[in-house]
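For reference, the structure discussed in these notes is given below.
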Amino acid sequence: MSTHLPSTGTSVSPSPAVTDRRAALALLVVLFASFMDLLDVTIVTVAAPDIAADLNASEAQLQWTVAAYTLALGSGLITGGRIGDAYGRRRVFLVSLAVFAVASAACALAPTAGALIALRAVQGLAGGFLVPQVFGIIRSSFAPAARARAFGAYGAVQGLAAVAGPLLGGALVDADLWGLGWRTIFWINIPVALVALVLGSRVLPESTAPERARPDVVGAVLSAVAVVLVLLPLVQGRDWGWPWWGWALLVSGLVLLGSFVVYERRVAGRGGQPILDPALLAVRPFAAGLAASVLFFGALASFFLVLSIYLQSGTGRSAWETGLVILPYAIGSMLTSGAGVALAAKAGRILLVTGSLTLAASQALLWLLVRDDGTPGYWPLAGALFLGGTGLGLAAPILVNVVLAGVPGRHAGAAGGMLSTVTQIGGAAGIAVLGTVFFNALGAPAATGDAAALFGYGLAQVMPWQVAAYLLAALAMLALPRTTATREPAI
């Protein structure tokens, strides 16, 4: 369950002649594409056990299948937004959508787990360039009064994708259409992308930013390579046997992260627009928001991968039944997200803390269920997940806006882009770290018994870390602005 929020914050040079009908069709196109992108965040987790069985993928490769997409998407958000600002959002949107479609078809044809991981990274990078154009196109297609309704429609698509991902993934895997099995979860992107491409080429307006910022490509590459070097030994360490050179990779990644910060300072000093503006880290609410986002979305991203594996490999549920178990989580999120958005201007921080604590309670309840009964029934699981979904709905849709309320207005665009990027990278880190905890637990001496006991033990080892992550996120959220209307002094 991932969230894409406006990240660039750039001004827009609108298309001079966008009729109401054409604007509505343009919205339909970007919503189609957004649905496809958001669907791919969740749909793969339900199919993960079948992918592993068909491609003989290792546990580490299974983690990378999910994390590679998230990491690449996060790495492309800011650069993609600036390239769209400079060269035209319509043009970049259509090219990115075409690349996403081709990468989806290639994923469906992937002969090995390694090939699938590489292609998922390409797919995620295309998504990272696609998402920023969605917001730019909406801003350039609609008058201010209608823009809120357009973004509201985008939020509804987010909720629909959250519900559809597990259910559609489960249905497609179980249906085994034409003997394709899990590969249909990628083939389904092709007709959606083709419709969006054909219609988009006719109705999407072109727009650029009045002031074109030079993309910080070097910064983007440095940050992506550094994060991969840090995550690689964490994910692969168990398969490698934790060799000394794995730790050396980890250290080199940390050193490269330091070099990235130094480089970003130089870019900012020259008057450029870095991916990471060091000055923003001195703004206490923003620094706290970064920490809260990493913890919150890191726990969230890892949860559905390990839960799906537990439900299918441990309790023997089918992919479709797994989707039905996860469905209450999405329903809970949809029920509370509207209230969260409506009340953010009056009680944003309270809602965030409440949502994170509710998620912690949900994970603690699930921990008790799995620890006491390796195969809890549908309704106990559904109740725990529904509770978690209500917490997600209160916090996730408003987190970015509450954090940005503590940032001076002239820095809001850079801060939003940085926050969205760190959120995605945090998700990849969560998959790497907590996924490794789960798979390591499966090989521990204490993990004995039948499949339900084995995978139940693995999930029970992850849950305390999940609870701790949400509690720490709630603690960091206490340093955020009280409402979305707050503005801190300029830096």
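Observations
- When 351, 368 are screened for being part of a helix (DSSP H, G or I) and more than 25 Å from residue 280 (Cβ to Cβ), only 368 passes.
- Count of residues meeting criterion [touching a residue at least 60 places away in the same chain (Cβ under 8 Å) and more than 19 Å from residue 334 (Cα to Cα)] in segment 374-398: 2
- Among (1) within 22 Å of residue 301 (Cβ to Cβ); (2) crowded, with 23+ Cβ neighbours inside 10 Å; (3) modelled with pLDDT of 85 or more; (4) under 20 Å from the mean Cα position of the chain (by Cα), the one test that residue 97 misses: (1)
- Residue check: residue 316 meets all listed conditions (1) surrounded by fewer than 21 Cβ atoms within 10 Å (Cβ to Cβ); (2) assigned by TED's automatic domain parsing to the domain that holds residue 426; (3) not in a loop (DSSP other than H, G, I, E, B) but one, namely (3).
- Remark: residue 278 falls outside the filter, which requires a residue to be modelled with pLDDT under 90 and surrounded by 23 or more Cβ atoms within 10 Å (Cβ to Cβ).
- Index of the failed condition, residue 118 passing every other in (1) crowded, with 24+ Cβ neighbours inside 10 Å; (2) free of Cβ contacts under 8 Å to residues at least 60 places away in the same chain; (3) within 19 Å of residue 184 (Cα to Cα): (1)
- Of all residues in segment 105-135, those satisfying the criterion of being in contact with a Phe, Trp or Tyr (Cβ under 7 Å, 6 or more places away or on another chain), under 21 Å from residue 28 (Cα atoms) and not hydrophobic (A, V, I, L, M, F, W, C) are 127, 133.
- Residue list for segment 223-278, restricted to those being aliphatic (A, V, I, L, M), touching a Phe, Trp or Tyr at 6+ places or on another chain (Cβ under 9 Å) and more than 22 Å from residue 431 (Cα to Cα): 275, 276
The values are calculated or read from the model by the stated rules, or taken from the named source; none is laboratory data. Quick caveat: nothing in here was measured; it's all calculated off a predicted structure. Heads up, the Cβs are rebuilt from the backbone with ideal geometry, glycines too, and the neighbour counts pull from every protein chain shown.
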